[in-house]
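Following: one structure in structure tokens, then a few remarks.
The values are calculated or read from the model by the stated rules, or taken from the named source; none is laboratory data. Keep in mind it's a predicted model, so treat the numbers as computed, not measured. Here the Cβ positions follow ideal geometry from the backbone for every residue, glycine too, while neighbour counts run over all protein chains shown. Heads up: the accessible areas ignore ligands, DNA and RNA and are worked out on the full protein's heavy atoms, side chains in. Shrake-Rupley method; radii C 1.70, N 1.55, O 1.52, S 1.80 Å.
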Amino acid sequence: MDEPDEDLPTLLTPRDGVPPLIDTDAGFEAMIAALAEGDGPVGIDTERAHGFRYYPKAWLIQLRRHGGGTFLLDPVALAPDDELADLSSLRDAIGQAEWIIHAATQDLPCLVEVGLMPTRLFDTELAGRLLGYPRVSLGAMVERFCGVRLLKEHSAADWSTRPLPEEWLVYAALDVELLGELRDAMAAELVAAGKDGWAQEEFAALVADAGTPRPPREEPWRRVSGLHDIRGRRQLAIVRELWTAREDLAARRDKAPGRILHDRVIIAAASRPDLTAGNLAELSGFRKGVAKRYLNVWSDAVRRVETMRPEDYPSVRAARRGPGAPRTWQGHNPEAYARFVATREVLVRIAEEHSVPPENLLSPDSWHQLCWDPPASPSPVAIDERLTEAGARRWQRELTREALAAVLASDRG
């Protein structure tokens, strides 16, 4: 186990003091000038309001650059009413400089939507994964490579709060304080481990995908917690309609859906055999808080189910894009399941040999698709082509194609 070192000193304040919050156009222009005068990579982080707001936009952006300093930017204060800020001039000031981000897939979407797009990137969380560390949080990486502890007590705070408390600003500034030193130490270890090329391929892929929106989920309402307890199609229709009503309301109010109507309340309603729009208010979950305020919305949702034809109820089985989860294959495609089991053993062995998590060695989606629909002649060249189409990087293909081809060829006897 890689346990945290409680004896390390704790970093409590930024070395240059806590910078003021930038929430005016004049402050923004001064920040751009200072960053342009700096040199080297730019450490970047964002704070969102996950669990409080519907939209995952950045409520605070932190930046640090050698020779420029640390900056705390309020992008919402710079935005026109009900719109997103346009920070593309900041992107121009940074130019071709490398960005340093921890867990870039979490921050890039909200940065891209305000006009910030990297040209080069170093992801310290992903670097930690490639180096085989079991704990890859920012705190864990800073402890290991910089020898100090970061306090993370405000990571789940409501960053849409205004004004932002001083101690939150300290926390935010410290999140980018050591990104430059962390990046340099991790880059050196990647080179020593022979994994620098792997990292560069991974970082380039993050940059290439940064502006690509994720495809929408099919039937997203099926992600309601506790849905496995619902069996009937009419009950599923109730879940779907209540979820849809909640989603629309949450989007209009920019409020986290669970703070309007909790999943367990939706499941409790759908589980009641005699539920109607008229008796919905008898359930305790609809008699208090925000849920009570919008009782008419929930009643209308149930009423839609009451007027629905049974054939319009959702099916018990979810619509499936692609082969689905391998655990479901055994019954209807046992050959694919056997390939999955055999290749899993091989991939786990290769991952252990190279001290990298299996999910980073090869993405589950590309691996599962390969097992479900392998090439007719599973040679290393054919496997390489199939993995390339699925987006696998060169280093991933080089480590896995020979072994995967051998397993899939033996499967064909």
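Odds and ends about this structure:
- Relative contact order for region 298-411, counting Cα pairs under 8 Å that sit 6 or more residues apart, in percent: 25
- Radius 12 Å from Cβ of GLU83, net charge of other residues (Lys, Arg +1; Asp, Glu -1): -3
- Among ILE61, SER315, LEU108 - extreme Cα towards positive end, dipole of the chain, charges at beta-carbon: SER315
- Where N is the number of residues in the chain, Cα Rg divided by 2.2 N^0.38 Å: 1.15
- Mean separation of Cα contacts under 8 Å (6+ apart) over length of the chain, as relative contact order %: 15
- Among ARG252, ARG303, ARG15, ARG222, the order of accessible area from largest down is ARG252, ARG15, ARG303, ARG222, computed with a 1.4 Å probe on protein heavy atoms.
- Look at where the Cα atoms of region 222-252 and of region 101-153 average out, and the two centres are 34 Å apart.
- Amide H contacts of LEU60 (H built 1.01 Å from N, under 5 Å, at least 5 apart or other chain): GLU47
- Relative contact order of region 23-111, pairs being alpha-carbon contacts under 8 Å that are 6 or more residues apart, as %: 34
- Pairs of Lys residues in the chain are counted when their Cα atoms are under 25 angstrom apart and they lie 8 or more places apart or on different chains; the count is 5.
- The 3J(HN,Hα) values that the Karplus relation (6.51, -1.76, 1.60; θ = phi - 60°) gives for region 388-396 are, in residue order, 4, 4, 7, x, 5, 6, 4, 5, 5 Hz. Gly and Pro appear as x.
- Positive-end residue of GLY226, LEU236, LEU150, charge dipole of the chain with Cβ unit charges: LEU236
- Simple spin-label estimate for GLU83 and GLU306 gives 4.5 nm between the two label positions (7 Å along the Cα-to-Cβ direction from each Cα).
- The fraction of accessible area contributed by carbon and sulfur in the chain is 50 percent, rounded to a whole number (1.4 Å probe; ligands and nucleic acids excluded).
- Across ARG144, ARG393, ARG214, mean-square fluctuation computed from a Gaussian network of the chain (C-alpha pairs under 10 Å connected) peaks at ARG214.
- Probe 1.4 Å, protein heavy atoms only - accessible area per residue of the chain in square angstrom: 50
- Near the amide H of GLU98, within less than 5 Å, lie the amide hydrogens of VAL42, all on another chain or at least 5 residues away, with H placed in the peptide plane.
- For the pair GLU352 and MET117, a Förster radius of 41 Å applied to the C-beta separation gives a FRET efficiency near 0.65, rounded to the nearest 0.05.
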